[in-house]
Amino acid sequence: MNCTTVTHRRHIGDLRRYLYSLSGDPHAAEDLVQEVFYKACKYLDS
């Protein structure tokens, strides 16, 4: 499994709830989740 799959499965729910609590907007929270995982995996794969 690659970085995205393992990390995503383990932390997606908690991260989405946290970002939703900060933003109050489910669409913004989902966009932020995608951005966080993209940047984290890009960093870890380098």
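Filtered by the rule that a residue be in a loop (DSSP other than H, G, I, E, B) and either surrounded by 11 or more Cβ atoms within 10 Å (Cβ to Cβ) or in contact with a Leu (Cβ under 6 Å, 6 or more places away or on another chain) (or both), the stretch 29-46 gives no residues. Within the stretch 3-28, take every residue that is β-branched (V, I, T) and in contact (Cβ under 8 Å) with a residue 12 or more places away in the chain and give me the one that is surrounded by the most Cβ atoms within 10 Å (Cβ to Cβ). By that ranking, first place goes to T7.
A short reminder: the numbers here are calculations on the coordinates, not readings from a lab. This is a predicted model, so every value here is computed, not measured. Cβ coordinates were reconstructed from backbone atoms using ideal geometry, including for glycine residues, and neighbour counts include every protein chain displayed.
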